[in-house]
1. Test of understanding: in a Gaussian network model of the chain with alpha carbons linked when under 10 Å, which of Ile117, Ile146, Ile102 would top the mean-square fluctuation ranking?
2. Would you calculate a helix-derived [θ] at 222 nm for the chain, using -39,500 (n - 2.57) for each DSSP H run of n ≥ 4 and dividing by the full residue count, to the nearest 500?
3. Amide H of Ile117: which non-local residues (sequence gap of 5 or more, or other chain) have their own amide H closer than 5 Å, using H built in the peptide plane?
4. Would you please calculate the Kirkwood hydrodynamic radius of region 91-163 over all C-alpha pairs and express it in Å, rounded to one decimal?
5. For the chain, modelled as a Gaussian network with Cα springs under 10 Å, which listed residue fluctuates most, Phe135, Phe21, Phe74?
6. Can you tell me the accessible area per residue over the chain, all protein chains present, probe 1.4 angstrom, in square angstrom?
7. Top mean-square fluctuation among Ile142, Ile153, Ile103, Gaussian network model of the chain, C-alpha springs under 10 Å?
8. What part of the accessible area of the chain, given as a whole %, is carbon or sulfur when the probe is 1.4 angstrom?
Amino acid sequence: MKNIEKIIFNNFIILNKEKTFFNKINKILQKEIGFILLTLTVKHPQKKLVQRIYSSNNKVYPVGGTKKIPRNYFYEVTFKKQKSFIGNNIKEIRKYHYDHKIITDLGAEAILNQVVIFDKKTIGTINLLNIANHFNNKHLSITNLISKFLAPIYLNHQIKMKK
């Protein structure tokens, strides 16, 4: 087991509080990848929207906030094909994300959306913003690993959304 895998696994096993685990994930991602903003979003099981369950900047993107899932290439890649998305320039962000003005106001010009998959369905995403051309495939391997640990938490949120 790689060092980062041990760190994530040990934190997952010993932490029984979601917010504490999310804060640990925040620290790991900041150290291993770096970001201007981190959000975790869960797909509503019946509606075409995602809900934020974690944000590193609650003023701009508060927990509990919702966002419509756009019907575009981003949707096709992440929710239909279940592949993660990297947009390493402002053009990509403007093209696929309707909140691009908020994103660029943070100083971000690159986005990484890691899909969280369970039972062959995208149930949410891990979303990172940073400066232009920041993200690469190494970053995807890290977020992919983390997505496996987040799947049970995302499923729990989906159950709560149905109520």
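The values are calculated or read from the model by the stated rules, or taken from the named source; none is laboratory data. Please read these numbers as outputs of a predicted model, since none were measured by experiment. Quick note on the areas: whole protein, heavy atoms, side chains included, nothing else; ligands and nucleic acids left out. Shrake-Rupley method; radii C 1.70, N 1.55, O 1.52, S 1.80 Å.
1. Maximum fluctuation in the GNM of the chain, among the listed residues, is at Ile102.
2. Values: 5 runs with 66 residues, N = 163.
Value at 222 nm, helices only, nearest 500: -13000 deg cm²/dmol.
3. Here Ile123 satisfy the definition.
4. 13.6
5. Phe21
6. I get 55 Å² per residue for this part.
7. Evaluated over the chain, the most mobile residue of the options is Ile153.
8. Accessible surface attributable to carbon and sulfur in the chain totals 52 percent.
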